[in-house]
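K.L.:
Handing you this structure, nothing more for now.
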Amino acid sequence: MQDSKSVKPKHHFVEKADDQLSLSDVNSSIEAPKDGSFWRKLLAYSGPGALVAVGYMDPGNWVTSVAGGAQYKYTLLSIVLVSSLMAMLLQYMAGKLGIVKQEDLAQATRDRTNKAGGIILWIMTELALICTDIAEVIGGAIALHLLFGWSMIASVLTTAFDVVLLLLLMKFGFRKIEAIVMTLIITILAIFAYLVVLSRPELSAMFGGYLPQLQTLSSKPAVGASSSQLTLTLGIIGATVMPHNLYLHSSISQTRKVDRTDKSAIKEAVRFMTWDSNIQLSLAFVINSLLLILGASLFFGHADSVGAFGDMYRALGNSDIAGAIASPVLSTLFAMALLASGQNSTITGTLTGEIVMEGFLHLRIPMWLRRVITRGIALAPVVVITLMYGGAEGRLDKLMVDSQVFLAIALPFTMAPLVYFTSSKKIMGDFANPKWVAILGWISFAILTALNILSIYQQVTGG
């Protein structure tokens, strides 16, 4: 298969990518053992799931999850759970598409739609990537501001240079990038687990929060709350199930070398991809739960005092809000986790940008240029808001929440092709989704679309 899609040498600044494998520099670059124990094989396939999981715990999740806990206590934990289950289903489909067809979702969509349809979907995907990048810029900038005391505009502009970090990491090889990302994930998990243990949440109420409740779809804000549960529900879903992750996973699932002539080898690759994805997404689920639990156990009743990252940072050091556990050390740990989250998301966002451009437009440009363009577009609104409001963190956090809601609106445009392709026997052959998986996929699509319609109605009517 590698020979049929040969990788052309680079001679031009902008290249045609019609006959190239997705992320051709790393495609099939990692050996996977044909023999050995379950654990040895799982270790070899582990890594892509970590890069995917990063998108489910990026800075965009933080505001919506902590705000959800601070305003409605543990009620919205059910949305975190549903979102995570939906994510596992969709990422399984995305990874399987890449392994079986040796195509990423962008390539598969572009090759099976007309030119106009492909361009429309590309524009939607690019806007989603920009919204994702906005969250990374704001999260990283605020973390730098809190840790080092830099002005907000200086911190925002500093995030433009993360392209250098990514280019350096790429030189170490893809397996090293996976290891670095996993280390940062474990760091974030450890910090928030520590904070939650100190906060002593109400265990019975916490576990009860995972039971679905209709009130999570209420469009009327509760007394003392600044957002309705429906708005926060959409924000949590948008921040959890992110469109760019589906494109990313369908590409990086191809980094393991698989014998394309052996059907059992392909089946085994799909199996271990699913294990890797679900384990890593379970970690993301735990982290997102910890964020909301932290908001509920420490900040409930003080929602107006923790509406921004800076507020949360200061609240962790304020005994009037955080109680006896308040400490500058906790504040610093919070900011460090925020910075780690932003840098993790930068790595995966850049990779996805390359995948989307090559897949939809059949064009390839240098990674550094792609990163400069994407980060430049994302920086523009953040810089404008920062200058207009004198670096007010609350305004930046509102911009981030709005970006997460847009991601929820953009998601169905990514979900529909994915569910359709992976459920088609004509496309996937024996690897097509079982009927029950296809039904769950379309139910997820219908639920999210209905929630989006409710959100738009709420915005239009001012409800």
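The values are calculated or read from the model by the stated rules, or taken from the named source; none is laboratory data. Please read all numbers here as calculations on a predicted model, not as lab measurements. Using ideal geometry, Cβ is built from the backbone for each residue, glycine included, and neighbour counts are taken over all protein chains shown. Accessible surface areas use protein heavy atoms only, side chains included; no ligands, DNA or RNA. Shrake-Rupley method; radii C 1.70, N 1.55, O 1.52, S 1.80 Å.
K.L.:
Under the Kirkwood approximation applied to all pairs of distinct alpha-carbon atoms, what is the hydrodynamic radius of the range 121-223 in Å?
P.N.:
18.0
K.L.:
Follow-up question, since we're still on this one. Give the Debye-formula value of log10 I(q)/I(0) at each listed q (0.32, 0.33 Å⁻¹), with one equal scatterer per alpha carbon of the range 402-449, two decimals each.
P.N.:
Cα-only, vacuum Debye calculation for the range 402-449: -1.11, -1.14.
K.L.:
So what is the relative contact order of the chain, in percent, for Cα pairs below 8 Å that sit 6 or more residues apart? Before the final figure, lay out each step's value.
P.N.:
Numbers: 765 pairs, mean separation 159.6, N = 463.
For the chain, the relative contact order is 34 percent.
K.L.:
Can you tell me the orientation of helix 393-423 relative to the chain, as the angle in degrees between its alpha-carbon axis and the longest Cα principal axis, to the nearest 10?
P.N.:
30
K.L.:
Over 28 Å, how big is the tail of the calculated P(r) for the range 228-382, in percent of all Cα pairs?
P.N.:
Above the 28 Å cut-off, the range 228-382 has 42 percent of its Cα pairs.
K.L.:
May I ask for the equivalent-ellipsoid semi-axes of the range 180-231, computed as the square root of five times each C-alpha gyration tensor eigenvalue and listed largest first in whole Å?
P.N.:
After scaling each eigenvalue by five and taking roots: 29, 16, 12 Å.
K.L.:
Another question, then. For the range 372-463, take the convex hull of the Cα atoms, compute a quarter of its surface area, and give me that in nm², please. Could you put the intermediate results ahead of the total?
P.N.:
Details: hull surface 36.1 nm².
Spelled out: convex hull of the Cα atoms, projected over all directions, averaged, 9.0 nm².
K.L.:
Taking square-rooted eigenvalues a ≥ b ≥ c of the alpha carbon gyration tensor, is the range 146-302 rounded, prolate or oblate, where a/c under 1.5 means rounded and, failing that, a/b exceeding b/c means prolate?
P.N.:
Oblate.
K.L.:
Then there is this: How many nm separate the modelled label positions at Arg200 and Ile120, each set 7 Å beyond the Cα in the direction of the Cβ?
P.N.:
Using points 7 Å along Cα→Cβ, the separation is 5.7 nm.
K.L.:
Same structure again: Just read off the accessible area of Asp58 with the full protein assembly in place, 1.4 Å probe, to the nearest 10 Å².
P.N.:
Here the accessible area works out near 0 Å².
K.L.:
Share of the chain's accessible area from carbon and sulfur, percent, 1.4 Å?
P.N.:
67
K.L.:
Quote the accessible area belonging to Phe431 in square angstrom, nearest 10, computed with a 1.4 Å probe and with ligands, DNA and RNA left uncounted.
P.N.:
Only protein atoms counted, so the area is about 40 Å².
K.L.:
From largest accessible area down, sort Phe334, Phe285, Phe148; use a 1.4 Å probe on the protein chains.
P.N.:
Final ranking, largest accessible area leading: Phe148, Phe285, Phe334.
K.L.:
Given the convex hull over the Cα atoms of the range 315-362, what projected area results after averaging over all orientations, in nm²?
P.N.:
Working: hull surface 16.3 nm².
For the range 315-362, averaging the hull's shadow over all directions gives 4.1 nm².
K.L.:
Would you calculate a helix-derived [θ] at 222 nm for the chain, using -39,500 (n - 2.57) for each DSSP H run of n ≥ 4 and dividing by the full residue count, to the nearest 500?
P.N.:
-24000 deg cm²/dmol
K.L.:
What is the distance in Å between the Cα centroid of the range 392-435 and that of the range 91-152?
P.N.:
Centre-to-centre (Cα) distance: 10 Å.
K.L.:
Which residues among the range 427-451 fall inside the zone where the amide N is under 19 Å from a point 7 Å beyond the Cα of Leu85, along Cα→Cβ?
P.N.:
434-451
K.L.:
Rg over Rh of the range 388-427, using C-alpha atoms and the Kirkwood radius, what does it come to?
P.N.:
Values: Rg = 17.6 Å, Rh = 12.7 Å.
Result for the range 388-427 is an Rg/Rh of 1.39.
K.L.:
Could you order Tyr92, Tyr420 by accessible surface area, starting with the largest, using a probe radius of 1.4 Å? Could you put the intermediate results ahead of the total?
P.N.:
Details: Tyr92 50, Tyr420 130 Å².
Order by accessible area, largest first: Tyr420, Tyr92.
K.L.:
Sticking with this structure for a sec: May I ask you to derive the relative contact order of the range 377-438, considering only C-alpha pairs under 8 Å and at least 6 residues apart, and to give it as an integer percent?
P.N.:
Details: 23 pairs, mean separation 9.5, N = 62.
Here the relative contact order equals 15 percent.
K.L.:
Could you work out the percent of alpha carbon pairs in the range 287-331 separated by over 15 Å, rounded to a whole number? Let's see the in-between values first.
P.N.:
Details: 353 of 990 pairs.
Distances greater than 15 Å cover 36 percent of the Cα pairs.
K.L.:
Right, here's the next one. Per residue, how much accessible surface does the range 257-397 expose to a 1.4 Å probe? Answer in Å², no decimals.
P.N.:
36
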